[in-house]
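Below is one structure, written out as structure tokens, with a few remarks after it.
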Amino acid sequence: MKVLALAAVAFAATSSLDLRTVVLRPAQVGKGYQLVARSDGFGVKAAPTLDLCGRKGYPSEKLRVDRLQVNYLKQKTQLGLSNEVVRYKTGGAKQAMREVGLHALSCPHTPVVTGEKGIGPLRFTITRVKDSSLLKGYVAVRVRAVGKLTNGTHVDQTSYAVYQRAGDVLSGVYSFGPNTAAQKAFVLHAAEMSARTLSKALQGPKGPPA
């Protein structure tokens, strides 16, 4: 009975959650970073959530209920971050984590068309990243994308993506910048902050002692 009661509290906390309360605060990202709104950052129709190695094979996309994504930028640095928080129908976030985990393990070797204007087929190399401070079941990856723009310019980019969930809420933390150890440390710090925020949200409101 106690387990059922805890599950009910978790469901109540996430089913009515205001996503603005779980998106990272600039101070959690790093000193001097500012939150920047995205034109495609509001609502499930504005943009997909899961697109690791392409957009196919993610049926959980249809289970999204609400979505908020923002960027974080800082002057005089090339390191940037994006945090996407998504609320799903019951069981949807868990399914999404399974799907992205499978894609991370079996990223196709054939070129993937991104769908972004000006970018041709890219080849992805996915490397799993470990961090014991993240939520159980997390998926963290280093993503190297190599290819060409449609104008012939060569592309070789390294980024990171960290996916975590609490109840029916998923948080994706994505970094971009130079291929350095600093970028890895930067994204993992932000992901750890997101893990703490999600954990607090899952606990739900505190009531009087029983």
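A few points about this structure:
- All positions within the range 120-141 that are open to solvent by less than 60 Å² (accessible area, probe 1.4 Å) and modelled with pLDDT of 95 or more: VAL129, ASP131, LEU134, LEU135, GLY137, TYR138, VAL139, ALA140, VAL141
- Matching residues in the range 59-98 - criterion: being charged (D, E, K, R) and under 13 Å from the mean Cα position of the chain (by Cα): ARG67, GLU84, ARG87
- Among residues of the range 181-210, those that are open to solvent by 40 Å² or more (accessible area, probe 1.4 Å) and modelled with pLDDT of 95 or more, counted: 7
- Checked against the criterion of being hydrophobic (A, V, I, L, M, F, W, C), open to solvent by 10 Å² or more (accessible area, probe 1.4 Å) and in contact (Cβ under 8 Å) with a residue 24 or more places away in the chain, the range 167-174 contains not a single residue that satisfies it.
- Scanning the range 45-90 for residues that are among the charged types (D, E, K, R) and either on the phi > 0 side of the Ramachandran plot or assigned to a loop (DSSP other than H, G, I, E, B) (or both) gives LYS45, ASP51, ARG55, LYS56, LYS74, LYS76, LYS89.
- Single residue of the range 142-157 satisfying the filter (open to solvent by 70 Å² or more (accessible area, probe 1.4 Å) and charged (D, E, K, R)) that is nearest to GLY167 (Cα to Cα): ARG144
- When we screen ALA190, ALA166, ALA182 for residues that are touching a helix residue (DSSP H, G or I) at 6+ places or on another chain (Cβ under 9 Å) and farther than 24 Å from SER60 by Cα, the only hit is ALA190.
- When residues in the range 67-103 are screened for being of a type in the set (Ser, Thr, Tyr) and touching a strand residue (DSSP E or B) at 6+ places or on another chain (Cβ under 6 Å), 3 of them pass.
- Checking each residue in the range 66-82 for being crowded, with 16+ Cβ neighbours inside 10 Å and either at pLDDT below 95 or not small (Gly, Ala, Ser) (or both) picks out ARG67, LEU68, GLN69, VAL70, ASN71, TYR72, LEU73, LYS74, LEU79, LEU81.
The values are calculated or read from the model by the stated rules, or taken from the named source; none is laboratory data. Nothing here was measured: the structure is a model prediction, and the numbers come from that model. Ideal geometry is used to build each Cβ from the backbone, glycine not excepted, and the neighbour counts take in all protein chains shown. Ligands, DNA and RNA are excluded from the accessible area calculation, which covers all protein heavy atoms including side chains. Shrake-Rupley method; radii C 1.70, N 1.55, O 1.52, S 1.80 Å.
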